[in-house]
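Single-structure report; data block below.
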Amino acid sequence: MKKKKLLVLILGIIVVFFFSKIIRNFTVEQEIQILKSEHFVVSYSGIYKSDAEKISKNLENNYAKIRTDLKDVKHELIKVYVYGSHQKFSLATGLNGNVNGTSRGPNEFHFVWTNWFNSVFPDDPLKTAVHEFTHCVQLNILIDKAKETIITQDRLTFDKKFDKKFGAEYPRWLWESISIFEAGEVNSLSVKYTKGKNLTLEELNHSNQIYNIGYTIIEYLTKKWGKDILPKLIASFGNIEKTLNIKPEEFEKGWIAFLEENY
Ligand SMILES: [Zn+2]
């Protein structure tokens, strides 16, 4: 008898899930809508207007703090593209797999409004938006800084040289950690799991484990050297030796000790 009740309950949940999914598909915005605020232009479809309003409000609420934290220079209006499904996101960006967002230069980013209807374990899409916005801020600063060394009047030549410099010098662990930190993407279980793998910063440049542990790198950095060190590290294109006056291995050692103590 107990088994039967459980089966009915599970079937009930499945029916409600698919029914809600169908209703949602019919009631979300079908055509692309635009929502403008002071610093962002949000283009969206496949989500509700109220979702877009939440995105816009949350981005505006984080705008000044993140730009102050990282010492951003003058920033143009930012175009935000939100998709209701991974398929639509992939079609627009060319990115596949479990990627949920991407920045395209300092003034544009795209992301999926993840929820239980389109993801197995959905991320918080408001945090994804802040994460991608933080990539835009980093790029804006790096481009401004690169103008000191890449001297050319030609925009295309500059872009090409900047892409090369960015790819060769700016480490992925830093690029991701700063965005993860500003978006507050951390949970101690994932930190503990990745901590056990003993990955170096160099290894984290090529591993998705950075998404589990990146928060703690910036947490350690700002606790030990103060928050003004962050813009300095960005402006140096992630040069630890020049910015902190220690070897990267020493930095890693300190960070691992910090992890042992706090997680
Ligand atoms: Zn990222």
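General remarks:
- Within region 182-193, tally of residues that are loosely packed, with under 15 Cβ neighbours inside 10 Å, of a type outside the set (A, V, I, L, M) and either without any contact (Cβ under 8 Å) to a residue 24 or more places away in the chain or farther than 19 Å from residue 133 by Cβ (or both): 4
- Count of residues meeting criterion [within 14 Å of the ligand (Cβ to nearest atom), more than 22 Å from residue 139 (Cβ to Cβ) and part of a helix (DSSP H, G or I)] in region 196-212: 1
- Some residue of region 23-37 being at pLDDT 95 or above, in contact with a helix residue (DSSP H, G or I) (Cβ under 7 Å, 6 or more places away or on another chain) and open to solvent by 90 Å² or more (accessible area, probe 1.4 Å): no
- Residue within region 148-156 that is out of contact with any Asp or Glu (no Cβ under 9 Å at 6 or more places or on another chain), in a helix (DSSP H, G or I), modelled with pLDDT of 95 or more and not aliphatic (A, V, I, L, M) present: no
- Meets criteria (open to solvent by 40 Å² or more (accessible area, probe 1.4 Å) and either touching a strand residue (DSSP E or B) at 6+ places or on another chain (Cβ under 8 Å) or small (Gly, Ala, Ser) (or both)) for residue 167: yes
- Residue check for residue 179: assigned to a helix (DSSP H, G or I), within 16 Å of the ligand (Cβ to nearest atom) and either in contact with a Ser or Thr (Cβ under 8 Å, 6 or more places away or on another chain) or open to solvent by 60 Å² or more (accessible area, probe 1.4 Å) (or both): yes
- If the condition is being over 16 Å from residue 175 (Cα atoms) and surrounded by 13 or more Cβ atoms within 10 Å (Cβ to Cβ), then region 194-219 contributes 194, 195, 199.
- Subset of region 129-146 (residues that are open to solvent by less than 10 Å² (accessible area, probe 1.4 Å) and either farther than 13 Å from residue 178 by Cβ or modelled with pLDDT under 95 (or both)): 129, 146
- Cβ-Cβ distances below 7 Å connect the following pairs, each with a first residue in region 10-23 that is under 15 Å from residue 84 (Cα atoms), a second residue that is hydrophobic (A, V, I, L, M, F, W, C), and a separation of six or more residues or different chains: 21/117.
For (1) in a strand (DSSP E or B); (2) in the same structural domain as residue 228 (by TED's automatic domain parsing); (3) out of contact with any strand residue (DSSP E or B) (no Cβ under 8 Å at 6 or more places or on another chain), each residue gets a yes or a no:
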| position | (1), (2), (3) |
| --- | --- |
| 14 | no, no, yes |
| 17 | no, no, yes |
| 44 | yes, no, no |
| 53 | no, no, no |
| 69 | no, no, yes |
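- Residue 138 vs. criteria among the polar types (S, T, N, Q), in a helix (DSSP H, G or I) and closer than 16 Å to residue 234 by Cα: yes
- Among the residues making up region 182-195, those that are assigned to a helix (DSSP H, G or I) and away from the ligand (no atom under 11 Å from the Cβ) are 188, 189, 190, 191, 192, 193, 194, 195.
The values are calculated or read from the model by the stated rules, or taken from the named source; none is laboratory data. Predicted, not measured: the structure shown is a model, and the values here were computed from it. Every residue, glycine among them, receives a Cβ derived from its backbone with ideal geometry; neighbour counts consider all protein chains shown. When the accessible area is computed, the model is the full protein with side chains, heavy atoms only, and any ligands, DNA or RNA have been set aside. Shrake-Rupley method; radii C 1.70, N 1.55, O 1.52, S 1.80 Å.
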